[in-house]
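Presented below is the structure to which this report refers.
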Number of protein chains: 2
Amino acid sequence: MTAPNLVVVGSVAYDSIKTPTQDEKDVLGGSATYFSIASSVLVPTGVVAVVGDDFKPQHRTLLESRNVNLDGLETATGETFRWGGVYDKHLKDRETLFTNLNVFADFQPKLPESYKNVPYVFLANIDPDLQNAVLQQCTAPKWVACDTMNFWIHGKRESLLRLLPKIDALFLNDSEAFDLTGYRSLPDAAQWIADHGTPISVIKKGEHGAIIFSKDDVYAAPALPLRNVIDPTGAGDTFAGGMVAAIARLDQVTPEALRMAASVGTCTASFCIQSFGPSALTQMNREGLNERLEMYKNLTRFPEMTL
Amino acid sequence: MTAPNLVVVGSVAYDSIKTPTQDEKDVLGGSATYFSIASSVLVPTGVVAVVGDDFKPQHRTLLESRNVNLDGLETATGETFRWGGVYDKHLKDRETLFTNLNVFADFQPKLPESYKNVPYVFLANIDPDLQNAVLQQCTAPKWVACDTMNFWIHGKRESLLRLLPKIDALFLNDSEAFDLTGYRSLPDAAQWIADHGTPISVIKKGEHGAIIFSKDDVYAAPALPLRNVIDPTGAGDTFAGGMVAAIARLDQVTPEALRMAASVGTCTASFCIQSFGPSALTQMNREGLNERLEMYKNLTRFPEMTL
């Protein structure tokens, strides 16, 4: 298999999801799963994660059929990480019903030899100490992005702050950005994050899209309004997968490349939410992605008109 | 004074606002106030509203200095409508502390003679029965937009449904659109609204911007991310004021005009939130608005790049 030029470190999990119309147990999920299914459409992607010995061969086959490299997927004795959540009637808010870390509790991510020279790295939302540990195993990281959440912002603040100078982009949602920085405006929060070592802030806003702050540019990428929204689980990781993969494919981090990458991320996320679990996402190909990018280009087109 | 070519029917109020940094009583507010201060930058605007005999001459002067026509502003015996609210620490959610309708309780909007031929009408968020009654007084409405909220969607559903075939655009937020239509996606909700007689849905999403659905077009207008966000009160009405005024000024309702109008609304709203109450908005002029439109054009510009 081709050595990946993008590696994601995160979770591979079984999710129990309740939406107003559906309720299923043990749906393939986890940040590394959604990320890699999305990113592998654009670049060979490797996964660093752990599953239990209950992980089904069909799910391994599914990922491999998408050209995801599983050299870094460790199998440990015990059960795979399980998460359960329930969505409100508008699919806007969700409540976590349970988080059983299982084999993930003792996860010590190890990069296989074939991943060590990888240029593009995504540290999905895990303990910043593990994110730091993974980064130390990379011999030549070119561009590193990292996701985080309130749990780490409050519980592992020092570790997260130590990470910021070592990464190139931080993915987080708006309230997390405010909690991390103490500011109440996104431009101020992004400036604080830049001052603490991370030049690019990718503010995720769920069904409202994202805003990308970099040194000389701000790009607002609203989400595509779609008819058949089935399940938002994994949309944030899918967005990141599309975005980081586009950066890796373009192999540049100019403001234009960041705009294109954010647009790609928005479009990949739009596939993710159109089925329960990752199944619609696994149907996405380059042609479908290009079609959606054309739709997206028109969605935000400023009019040719004078007031 | 010039006869207005845009009339807004709504509230003129005194607001008591608490934000994390400021707490003031009797700040000039109300939907018709914010709307008309914004819209009058583009077109002569008339206000139909009622105030009490405590309404301060300086506030009347302020509106007149902005070229707002007050022929339709009735003064009744009693106190002006008062609303009080408190914002959370991120200025995202707010709680209403009190609503004292005062003279507004018996408000029977009457269009003065000079307003009756007005082509463009905005029915701000009031009882749909009053919105219907106002519309009947218009002799030649060309384009009518209407705002509503959950209180009327649940409490006056039949009146609201009777109104839909008589208006051209409905302004409401996403959860209101879902509650009104029973759908969980914005395109489905907009289609339902179109099927019930209103061809254009303007979905307001607060700090996330707006999405405009019309027969052949969808335009996503994310909000401008700004540093100095002070007070979001009135931003929705200011957005509507900028948007409807741009339609009136362009005097066309093509998809391109709607895109421009939504962009103008977004930019006018960005002024509104930069001060406590309407004071920053009262400083907005055509030049400042044009500058912000240029900023806005770049904010969502799709990159010139191939993936």
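Here are some notes:
- B:Met305 being within 12 Å of chain A (Cβ to nearest Cβ), at negative phi, of a type in the set (A, V, I, L, M) and part of a helix (DSSP H, G or I): no
- Search result, residues across segment A:235-264 that are at negative phi and of a type outside the set (A, V, I, L, M, F, W, C): A:Gly236, A:Asp237, A:Thr238, A:Gly241, A:Gly242, A:Arg249, A:Gln252, A:Thr254, A:Pro255, A:Glu256, A:Arg259, A:Ser263
- For segment A:300-307, the condition of being of a type outside the set (Lys, Arg) and either under 20 Å from A:Val7 (Cα atoms) or in contact with a strand residue (DSSP E or B) (Cβ under 9 Å, 6 or more places away or on another chain) (or both) holds for at least one residue.
- Filtering segment A:217-261 to residues that are under 13 Å from the mean Cα position of the chain (by Cα), under 23 Å from A:Lys89 (Cβ atoms) and small (Gly, Ala, Ser) leaves A:Gly234, A:Ala235, A:Gly236.
- Residues of segment A:249-299 that are touching a helix residue (DSSP H, G or I) at 6+ places or on another chain (Cβ under 9 Å), buried (at least 20 other Cβ atoms within 10 Å of the Cβ) and assigned to a loop (DSSP other than H, G, I, E, B): A:Ile273, A:Pro278, A:Met284.
- Residue that is farthest from the chain's Cα centre (by Cα), among those in segment B:143-163 that are outside any helix (DSSP H, G or I) and among the β-branched types (Val, Ile, Thr): B:Val144
- Test: residue in segment B:24-39 that is surrounded by 19 or more Cβ atoms within 10 Å (Cβ to Cβ) and out of contact with any strand residue (DSSP E or B) (no Cβ under 8 Å at 6 or more places or on another chain): yes
- Cross-chain or 6+ apart pairs with Cβ under 6 Å, segment B:273-302 first and within 29 Å of B:Asp23 (Cβ to Cβ), then of a type in the set (Asp, Glu): B:Phe276/B:Asp231
- Identity of the residue in segment B:65-94, among the acidic types (Asp, Glu) and in a loop (DSSP other than H, G, I, E, B), that ends up surrounded by the fewest Cβ atoms within 10 Å (Cβ to Cβ): B:Asp93
- Applying the condition of being facing chain B (nearest Cβ under 7 Å) and surrounded by fewer than 24 Cβ atoms within 10 Å (Cβ to Cβ) to segment A:213-227 and asking which residue is modelled with the highest pLDDT yields A:Val218.
- Selection from segment B:246-264 of residues that are in contact (Cβ under 8 Å) with a residue 60 or more places away in the chain and either at the interface with chain A (Cβ under 10 Å from one of its Cβ atoms) or under 28 Å from B:Val86 (Cα atoms) (or both): B:Ala246, B:Arg249, B:Ala262, B:Val264
- Residue within segment A:194-205 that is of a type in the set (Lys, Arg) and within 16 Å of the chain's Cα centre (by Cα) present: yes
- Once segment B:19-48 is narrowed to residues that are in a strand (DSSP E or B) and closer than 14 Å to B:Arg82 by Cβ, the residue that is nearest to the other protein chains (Cβ to nearest Cβ) is B:Glu24.
So that you can scan it fast, the table gives a plain yes or no per residue for (1) touching a helix residue (DSSP H, G or I) at 6+ places or on another chain (Cβ under 8 Å); (2) more than 28 Å from B:Gly206 (Cα to Cα); (3) touching a residue at least 12 places away in the same chain (Cβ under 8 Å); (4) not polar (S, T, N, Q):
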{"residue": "B:Leu63", "(1), (2), (3), (4)": "yes, no, yes, yes"}
{"residue": "B:Glu79", "(1), (2), (3), (4)": "yes, yes, yes, yes"}
{"residue": "B:Asn100", "(1), (2), (3), (4)": "no, no, yes, no"}
{"residue": "B:Pro112", "(1), (2), (3), (4)": "no, yes, yes, yes"}
{"residue": "B:Pro128", "(1), (2), (3), (4)": "yes, no, yes, yes"}
{"residue": "B:Cys146", "(1), (2), (3), (4)": "yes, no, yes, yes"}
{"residue": "B:Lys156", "(1), (2), (3), (4)": "yes, no, yes, yes"}
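- Scanning segment B:176-195 turns up at least one residue that is closer than 17 Å to B:Val253 by Cβ, within 13 Å of chain A (Cβ to nearest Cβ), crowded, with 18+ Cβ neighbours inside 10 Å and not polar (S, T, N, Q).
- Among (1) touching a Lys or Arg at 6+ places or on another chain (Cβ under 8 Å); (2) buried (at least 24 other Cβ atoms within 10 Å of the Cβ), the one test that A:Glu207 misses: (2)
- Within segment A:180-218, the set of residues being in contact (Cβ under 8 Å) with a residue 24 or more places away in the chain and out of contact with any strand residue (DSSP E or B) (no Cβ under 9 Å at 6 or more places or on another chain) comprises A:His196, A:Gly197, A:Glu207, A:Asp216, A:Asp217.
- Flag if A:Val47 is farther than 24 Å from A:Phe276 by Cβ, crowded, with 23+ Cβ neighbours inside 10 Å and not charged (D, E, K, R): no
- Comparison of A:Ser11, A:Ser31, A:Ser39 shows that the only residue that is small (Gly, Ala, Ser) and farther than 20 Å from A:Met149 by Cα is A:Ser39.
- For segment A:15-24, the condition holds for no residue, the condition being that it is of a type outside the set (Asp, Glu), within 25 Å of A:Val144 (Cβ to Cβ) and touching a Ser or Thr at 6+ places or on another chain (Cβ under 6 Å).
The values are calculated or read from the model by the stated rules, or taken from the named source; none is laboratory data. Just so we're clear, the structure is a prediction, and the values are computed from it rather than from any experiment. Note that we place each Cβ from the backbone using ideal geometry, even for glycine, and neighbour counts take in every protein chain shown.
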